[in-house]
1. Pop a pseudo-label 7 angstrom from the Cα along the beta-carbon direction at both A:Ser75 and B:Lys227 and give the gap in nm to one decimal.
2. How far is it, in nm, from the label point at A:Asp60 to the one at B:Ser90 when both lie 7 Å from their Cα along the line to the Cβ?
3. Just want to confirm a number: the relative contact order over chain A, from Cα pairs under 8 angstrom separated by 6+ residues, in percent.
4. Calculate the dipole size of the protein assembly as shown relative to its Cα centre from +1 charges on Lys and Arg beta carbons and -1 charges on Asp and Glu beta carbons; express the result in debye to the nearest 20.
5. How big is the charge dipole of the stretch A:104-174 about its Cα centre, in debye rounded to the nearest 20, if each Lys and Arg gets +1 on its Cβ and each Asp and Glu gets -1 on its Cβ?
6. Defining a contact as two alpha carbons under 8 Å apart and six or more residues distant in sequence, what relative contact order in percent does the stretch B:62-245 show?
7. What distance in nm lies between label points placed 7 Å from Cα along the C-beta direction at B:Leu289 and A:Ser145?
8. Only residues of the stretch B:204-227 count here: report those whose backbone N is under 11 Å from the spot 7 Å along Cα→Cβ of B:Lys79, or say none.
Amino acid sequence: MSIIAIENLEKSYHDSEIEVRALNGINLNFEEGEFTAIVGPSGSGKTTLLNMIGGLDKPDRGTILIGGNDITRLSSRKLIDFRLRNIGFVFQSYNLIPVLTAMENVEFIMHLQKIPRADREKRAMELLESVGLGDRIHSRPSKLSGGQQQRVAVARALASRPAFILADEPTANLDSQSTRNLLGIMERLNHEEQVTFIFSTHDQRVVEKAHRIIVLEDGKVITDRENIPVVEP
Amino acid sequence: MIWSVAWKNIWRNRMRSLVVVMAIALGLLGGIFSSAVLKGTSDQRVREAVSRETSHLQLHNPKYIEDQEVTYFIGTGYKPIAAVLDTIRSVEAWSPRVKFMAMAGSANAGIGVMVNGIDPDLERQVTEIHSLICDTCGGWFKGGRGVPIVVGQALVKKLKVRQNSKIILTFQDMQGNLTGGAFRICGIYRTSNSVFDEMNVFVGRSDICTLLGADSLLSHEIAIRMKDPDETARVQKLLQSTFPDLKVQNWKEIDPILGMLNDFMDLWLYLFMGIILLALGFGIVNTMLMAILERTRELGMLAAIGMNKFRLFLMIMLESVFLSLTGGIIGIILATGLTVYTRHTGINLGSFAEGFEKIGYNPVLYPSLDLYFFINLTILVIFTGILASLYPARQALRLRPADAVRNE
């Protein structure tokens, strides 16, 4: 069964007098446990599509069913709560809270979910260990490398036990080694814990690891195909 | 956790926050200390005026208040009133006075004065004049030759007389005839009100009644000192209902300027502090706006991951309140220290003494503020923090998460 079902999604922006059609009739379904890359040139609509799926923006037309709920019809207040409980986000620029430690950053979203302190500390610790940062739990983001910060961001995204994780160009600011480490962790989480990842990317190394590749161009799906991931030697 | 995040957030830009905190602290230090000086001065003036000039309550023949004619005595004499006053527990003391205008003259000069015919022992329980006679200035109706009179230092200067000098009081008697008597200065007092000192002389009531040709039980005024000043209104009401033919006035009615000073001082202080806090509030708004501008992406991220608008608002409001409260507490501590110190030492404005005394103020100022002022001020500081957070928080809530997270 699809965890996300998108039908006839359309979105236009008005840049001065010119109408830009960012999404032009998108129809997609995502299954649980997918590891999907959305690719395409700049301006193809990748980020707009992720924003729509993540409930950060509203379409002009169409529906997005997540777990049976059409999130395009949810009020702003309900949508925030929906995001909190169902969607994990990994951003290109990590976007951690700089005044909090790695542990506190992961805990924060669970605090928003009103999870008791002892439980959230335990889970935050487990998640940071699973992304290989068990020894850096008390480090603030400024003391972590870009790759380590992005791993904290993945742990934070997982903390709320979301139905899926949306990652917008997660490796764009990472070097090769950090990209490999991050992809390894994401693949493992996908394989071992059935975490669903949907990410937009320009990075060929990331595309090669995806199980499914969706190519967008001018707001339309040009290709939607399965991919056999490249296995690292 | 949001409280802890908010507290940590204000120290992200340590220098900027410290500048705002110091601005608030110094603003409040200046404001509170100025208020303490004003309040102390006002309280001192009220306290001195009540204990030296007006007392808490006075009873008169209503006609006497309109026209201070020597014949407008309290009709019953003071004894029946004294009998009632002695039964009221909150009344500490009372003093009957014969009071009228006269001309005081010496060999050198003459001037109009208010003659206060008093019973020295009763009067000393009501007013402090007896204690304001310096060691070398004689005493309160003590010793000496002739009919004693206690005069103010300002009058002494005016008449160019000194202790034991003779002065002549000239006035109308009960029949409207011009009369008078010679008095020997037995004591010279000095209050902080040179106009009062120049105007008021104290003589024995029996001496003056004899010269007036009036019964010794008559009086124009009965001054009352309260044990508990908070009881003044109740006792005033009681006396007015007991003696409907008399006019019972409290010190605010006797000296309306003093009453207004007392009533409006608190209002004025809060207005004064309010203006200072308002100005500081704009500084906080500016700081918070800069902080939000710098954190657009982070705020967008928080909204994206599911931090609702209330929590986002709460976080920004707490940052603003913490900022203002930190400065506020430092300012309050500094101001309290300075107020306590100067209250102990006094602020001597001796070089302006003449001017101060002309308007009835003591040139040594003792700043004072009550606990309620500090409690209310702390509430005002918190309120300022909340108020200052509204606009920045509104700006933050208007951010669209999708745009904010990609903001560079």
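1. 6.4 nm
2. It works out to 7.8 nm between the two label points.
3. 28 percent
4. 1080 debye
5. Computed charge dipole of the stretch A:104-174: roughly 180 debye.
6. Once divided by the residue count of the stretch B:62-245, the mean separation gives 31 percent.
7. Here the modelled spin labels are 4.2 nm apart.
8. Output list for this probe position: B:216-218.
All of the numbers you see were taken from the coordinates with simple rules; none came from a lab. Worth saying up front: this structure is predicted, and the values here are computed from it rather than measured. In this analysis, Cβ positions are derived from the backbone assuming ideal geometry, glycine residues included, and neighbour counts consider all displayed protein chains.
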